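The structure appears below as structure tokens.
The values are calculated or read from the model by the stated rules, or taken from the named source; none is laboratory data. In this text, all values refer to a predicted model and were calculated from it rather than measured experimentally. Neighbour counts run over all protein chains shown; Cβ positions are idealised from the backbone, glycine included.
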Amino acid sequence: MKSLCAHAETSRGICLEKCCIYLEDFSQIVDIITKAVKVAEMSTECRLNTRIYNRLITLKNLATNTAGRVTSLINVIKYCKFNQDIDASVNTLCNLSNGIVEIRNMVKEILDEPIVATCNTIKTSFENLVQFIDYLGLKTFIIMLVLLNNLNAISSTFSGKIASSFASLLFASLLSIHDNKVKDALKECFTS
């Protein structure tokens with residue numbers, strides 16, 4: 001394996017061979033959610049349901065923060081600082097993992113709301129978004145395992161945190177293993 005620094009593609013993403021996560025992918029999630037917020041603002045039925053609207057705003061903020069974590073991880077790897085502060089590196093990986101799971105869960109919760117059925121544009125875009133999040137989540141999980149392997153020393157106090165957040169991400173992503181998009185993540189990351 002090349003130096004870990006070589007795996008950050010400028011400021012765009014992180015790649016391990018053909019297995020890549022890009023900031024643009026996470027920005028796309030933010031864009032889809034932002035459009036859903038705008039649709040909700042323009043639709044009387046959606047706008048009047050303050051709980052849905054507030055969840056969409058919270059979801060948008062969460063997605064924006066998660067995209068920021070991706071940027072942070074890319075920069076840490078790009079400038080070869082991933083191994084310098086083990087605590088910060090582990091926290092970044094766990095926070096990114098937890099953010100992806102939270103986004104997925106919140107999108108699913110919004111989809112399960114009866115009012116969303118009347119907001120057809122939101123429903124359609126969010127149904128497709130779940131598979132995309134699971135696709136990205138699985139690739140992110142695989143890349144983060146390799147990144148963990150590159151850390152010099154992980155204290156036992158971090159083991160539980162890592163196990164919990166990584167297991168949640170893997171579990172959430174595999175809930176869509178029946179979907180071709182999620183299978184594509186496995187093909188990209190495990191075939192040469």
Requested in this report: Inspect the range 175-184 for any residue being within 18 Å of Leu96 (Cα to Cα) and of a type outside the set (Phe, Trp, Tyr) and give the result as yes or no.
Outcome: no
Requested in this report: Residues being in contact with a Ser or Thr (Cβ under 8 Å, 6 or more places away or on another chain) and free of Cβ contacts under 8 Å to residues at least 40 places away in the same chain: count how many of those fall in the range 96-136.
Outcome: 1
Requested in this report: Among the residues of the range 143-163, write down those that are in contact (Cβ under 8 Å) with a residue 40 or more places away in the chain, part of a helix (DSSP H, G or I) and not charged (D, E, K, R).
Outcome: Ile143, Met144, Val146, Leu147, Leu148, Phe158, Ile162
Report task. State the number of residues belonging to the range 121-140 that are under 18 Å from Leu16 (Cα atoms) and among the small types (Gly, Ala, Ser). Result -> 1
Requested in this report: Would you check if there is a residue in the range 85-93 being more than 23 Å from Cys20 (Cα to Cα) and touching a helix residue (DSSP H, G or I) at 6+ places or on another chain (Cβ under 9 Å)?
Outcome: yes
Query - Failed criterion for Lys108 (all others in (1) buried (at least 17 other Cβ atoms within 10 Å of the Cβ); (2) more than 28 Å from Val76 (Cβ to Cβ); (3) not aromatic (Phe, Trp, Tyr) hold) - result: (1)
Query raised in the report: Scanning the range 1-27 for residues that are of a type outside the set (Lys, Arg), closer than 20 Å to Phe132 by Cα and not in a helix (DSSP H, G or I), which turns out modelled with the lowest pLDDT?
Result: Leu16
**Report entry** Identity of the residue in the range 103-139, of a type in the set (Asp, Glu) and under 20 Å from Glu45 (Cα atoms), that ends up modelled with the lowest pLDDT
**Finding:** Glu113
Report summary line: Screening Asn49, Asn65, Asn91 for residues that are polar (S, T, N, Q), at pLDDT 90 or above, out of contact with any strand residue (DSSP E or B) (no Cβ under 9 Å at 6 or more places or on another chain) and within 30 Å of Cys119 (Cβ to Cβ) leaves only Asn65
Query raised in the report: Name the residues in the range 96-150 that are touching an Asp or Glu at 6+ places or on another chain (Cβ under 6 Å) and more than 28 Å from Ser164 (Cβ to Cβ), would you?
Result: Thr118
Requested in this report: Test Val30 against the criterion of being at pLDDT below 90 and surrounded by 13 or more Cβ atoms within 10 Å (Cβ to Cβ), and give yes or no.
Outcome: no
Requested in this report: Output the residues belonging to the range 34-54 that are without any contact (Cβ under 8 Å) to a residue 60 or more places away in the chain and either closer than 21 Å to Leu136 by Cβ or not in a helix (DSSP H, G or I) (or both).
Outcome: Thr34, Val37
